[in-house]
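Every number here is computed from the coordinates shown, using simple stated rules; none is lab data. All of these numbers come straight from a predicted model, not from anything done at the bench. Methodologically, a virtual Cβ is constructed for each residue, glycine included, from the backbone with ideal geometry; neighbour enumeration extends over all protein chains shown.
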Amino acid sequence: MKQAYTYAGALAASERINWRVEDIIGGDKRLDFTRPFLPESLARVTPLTFLGQAEQRTLNQIRGLGYLYTFGLVEEFILPFVLDHTRGRLAGDDYRVRAFLEFASEEAKHIHLFRRFREEFEAGFGTPCAVIGPPEAIAQAVLAKEPLAVALTILHIEWMTQRHYIDSVQDDQGLDPQFKSLLKHHWMEEAQHAKLDTLMVQALAEGRSAEEIVRLWERDVEAFRRRRAPFLLY
Ligand SMILES: [Fe+2]
Ligand SMILES: [Fe+2]
């Protein structure tokens, strides 16, 4: 099958995009708490008519914080997964090694970016917002799965960032400019990640029949069901 994406192409695009966390948040770049952080299609606060306008905006901002935590969390398992994938394939293709190392470095930067935004949120919001976790336990559970399943999950997550920005964010002029900038800069680098994920999925699926892949999937689903069984009794 002819491959639409290449390691050299992803690397070249990645090298052209070059932003720093400090360019997006910190100093005079502050969150504006008079504006929503997420587009309505993601925050979905307006159907909650028992909330006033200001309360809906506050809930929108809390959902923005949820977005920061969710992506911070997934990036924490994407980073080690990409490094492990690369480590086993250091020989043979210099572009592949460099493209994956660039990918990993960008995810480390994104972890930093999302953390910096959370700090800014917590400093400006005024009320602590608790989250479930811990993220390490979730990462550990995900990384224990079959690598092909993890790679497919990561591919879907990176596609999701593309749809979020293109479908809902880029034309929304009411959002807080800093939050919008975060989503834009993330989208710019995730476009390369989605291509590299596709190549990673293909590499992990190579030589496996469709039946074998389905069997792996069923094994993971069964393991999940067994672990959940005690909770289902309630
Ligand atoms: Fe990312
Ligand atoms: Fe990514």
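For this structure, a couple of remarks:
- Among residues of region 4-30, those that are assigned to a loop (DSSP other than H, G, I, E, B) and over 21 Å from the mean Cα position of the chain (by Cα), counted: 5
- Filtered by the rule that a residue be over 13 Å from Asp197 (Cα atoms) and in a helix (DSSP H, G or I), region 80-100 gives Pro80, Asp84, Arg87, Asp94, Tyr95, Val97, Arg98.
- Residues of region 51-72 classified as in a helix (DSSP H, G or I) and surrounded by fewer than 21 Cβ atoms within 10 Å (Cβ to Cβ), total: 15
- Count - residues of region 104-122 that are hydrophobic (A, V, I, L, M, F, W, C), more than 11 Å from ligand 1 (Cβ to nearest atom) and within 28 Å of Met200 (Cβ to Cβ): 1
- For region 94-114, the set of residues classified as aromatic (Phe, Trp, Tyr) and surrounded by fewer than 17 Cβ atoms within 10 Å (Cβ to Cβ) consists of Tyr95 only.
- Check on Arg35, at negative phi, of a type in the set (Lys, Arg), buried (at least 16 other Cβ atoms within 10 Å of the Cβ) and assigned to a helix (DSSP H, G or I): no
- Taking the listed residues Arg57, Arg87, Arg163, Arg96, the one that is touching a residue at least 24 places away in the same chain (Cβ under 8 Å) and not hydroxyl-bearing (Ser, Thr, Tyr) is Arg96, with no other qualifying.
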